[in-house]
Amino acid sequence: MKEIYSRKRAAKAVGVSPRTILRAIQARQLDSLKIGDGKTSTYIIERDDLMKYSAKRKERKCQ
C-alpha cells in the first residue's frame, strides 16, 4: 500500500510551509489528488511524488 500525506504533513516532511506545498501543486510541480471543492477541499500526496518534488527543490537550490 502506498504511503500518503496531507498537505500539512507533506510540508513538515519536506521542511516547507503548507502554503509552499499548495503553490507547488497549483504550479503542477507536485502531483496530488484533490478531495472536495472550494475552501474545504484537501489534497492527498503520495510519498513517491513528494520525494521527487523534494529532490527537484534541492537540485534547484544547489544551482
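The numbers here are math on the coordinates, done by the rules we state, and not lab data. Just so it is clear, the structure is predicted and the values come from calculations on it, not from any experiment. Every residue, glycine among them, receives a Cβ derived from its backbone with ideal geometry; neighbour counts consider all protein chains shown.
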Relative to the longest principal axis of the chain, what angle (0 to 90°, nearest 10) does the C-alpha long axis of helix 47-62 take? 40 degrees
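Quick check for me: using +1 on Lys/Arg Cβ and -1 on Asp/Glu Cβ, what's the dipole size of the chain about its Cα centre, in debye to the nearest 20? Walk me through the numbers on the way to the answer.
On the way: 17 positive and 7 negative charges, 69 e Å.
The calculated dipole for the chain is roughly 340 debye.
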Describe numerically, in nm with one decimal, the distance between label points set 7 Å from Cα along Cα→Cβ at K58 and at I4. 2.6 nm
Projecting each Cα onto the charge dipole of the chain (Lys/Arg +1, Asp/Glu -1 at the beta carbon, about the Cα centre), which of A27, C62, L50 comes out farthest on the positive side? C62
So which trypsin sites (Lys or Arg not before Pro) in the chain pass both tests, a DSSP loop state and at most 15 other Cβ atoms within 10 Å of the Cβ? K2, R28
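Which length gain, in nm to one decimal place, applies between L22 and D37 when the Cα-Cα distance is subtracted from 0.36 nm times their residue separation?
Working: separation 15, 0.36 × 15 = 5.40 nm, distance 1.46 nm.
Gain on stretching L22 to D37: 3.9 nm.
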Spelling out what I want: for every residue of segment 34-45, take phi, set θ = phi - 60°, compute 6.51 cos²θ - 1.76 cosθ + 1.60 (Karplus), and round to whole Hz; glycine and proline get x. 8, 10, x, 10, x, 5, 8, 6, 9, 10, 10, 10
In the structure displayed, which of K12/K58; K8/K34; K34/K58; K12/K52; K12/K39 lie more than 18 Å apart, Cα to Cα? K34/K58; K12/K39
